[in-house]
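Q: Before we start, here is the structure in question, set down as structure tokens.
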Amino acid sequence: MVAPNGARRTRDDHPALPLTIEQTVETAVACRQAGAGAIHLHVRDEKGLHSLDPGLYTEAVQAVTRATESRMHIQITTEAVGRYRPDEQVATVKAVLPDAVSVALREMCPSRTDEPVAAGFYRWAYEAGIAVQHILYSADEVYRLSGMIARRTVPGERHAVIFVLGRYSVGQQSQPADLDPYLRATADCRLEDAMEWMVCAFGSGETACLADALARGGHARVGFENSLWNADGSLAKSNDERVAAISGISSLLARGNGQPANAAAILGIPGTG
């Protein structure tokens, strides 16, 4: 999966970072050709700021779907980035009705007392056939998700998650060892057979982290949201250059490819296995 822009970076960070819907569409087409089977979609408002506006999301989803001829699965996000309350995040998903959405556990359900409200959203999404990928920022959140699954706050038999290796901070450099606590927690919770896990990572260590994740049975999200750099520390020319690099590693490891059917199954989109 490619994450081409995120909520924070601008074209001051990289001239090829897509901000408008038109730029995002162009990037999606190039990344699909380079081997991405799905896109993690952010939209920006007229000032270039992170937005959860349903109208912008609907327009972007439709435009990417047309341009890629429905051969790229689209995951929107409810990431708040300090701007949106849980009820606003829920309202966006209910208005857009996407095939897939990424949801930060700590933002949708900040504490145990928030579980009843969060449970309503997770149950609604499950029954509506919307694939939720849980964004986890620490191994502690694996344990928390496990408890919510046990309490049926989060329904379903299989669960898609993304482990964030590192933090959104200046100079952050992720390393493969950052994955170890997540996998230990997954094993402790006996979730290995109930979880499809993906990794994103920061800085020039992104390539090594994603290669390690692929080698250990996980999946990869690559792109300018998390890293602008190649493995050698050079600035990447484009998102599709980064996608091609990780796609090549995936092929070498015999981990399959970025075909839409594979991406859909990994994300848990209903009817895809």
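The values are calculated or read from the model by the stated rules, or taken from the named source; none is laboratory data. As the structure is a prediction and not an experimental result, all values here were calculated from the model. Counting neighbours? That spans all protein chains shown, and the Cβs are built from the backbone with ideal geometry, glycine included.
Q: Filter the range 249-260 down to residues that are touching a Gly at 6+ places or on another chain (Cβ under 9 Å) and free of Cβ contacts under 8 Å to residues at least 60 places away in the same chain and give me whichever is farthest from Gln133 (Cα to Cα).
A: Ser251
Q: Could you check the range 254-273 and list, in sequence order, the residues that are hydrophobic (A, V, I, L, M, F, W, C), at pLDDT below 90 and in a loop (DSSP other than H, G, I, E, B)?
A: Within the range 254-273, Ala254 is the sole residue that qualifies.
Q: Only one of (1) in contact (Cβ under 8 Å) with a residue 40 or more places away in the chain; (2) touching a Gly at 6+ places or on another chain (Cβ under 9 Å); (3) buried (at least 21 other Cβ atoms within 10 Å of the Cβ) fails for Val222. Which number is that?
A: Just one mismatch for Val222, condition (2).
Q: Another question, if that's okay. Only one of Gly217, Gly205 is assigned to a helix (DSSP H, G or I) and either touching a residue at least 24 places away in the same chain (Cβ under 8 Å) or touching a strand residue (DSSP E or B) at 6+ places or on another chain (Cβ under 9 Å) (or both). Can you tell me which?
A: The match here is Gly205.
Q: For the range 1-50, how many residues meet the condition of being touching a Lys or Arg at 6+ places or on another chain (Cβ under 6 Å) and polar (S, T, N, Q)?
A: Final tally of qualifying residues: 0.
Q: Of the numbered conditions (1) in a helix (DSSP H, G or I); (2) out of contact with any Pro (no Cβ under 9 Å at 6 or more places or on another chain); (3) over 27 Å from Arg11 (Cβ atoms), Asp212 satisfies every one except a single condition; which is it?
A: (2)
Q: Within the bounds of the range 43-61, is there any residue that is closer than 18 Å to Ala263 by Cα and in a helix (DSSP H, G or I)?
A: For the range 43-61, residues closer than 18 Å to Ala263 by Cα and in a helix (DSSP H, G or I): present.
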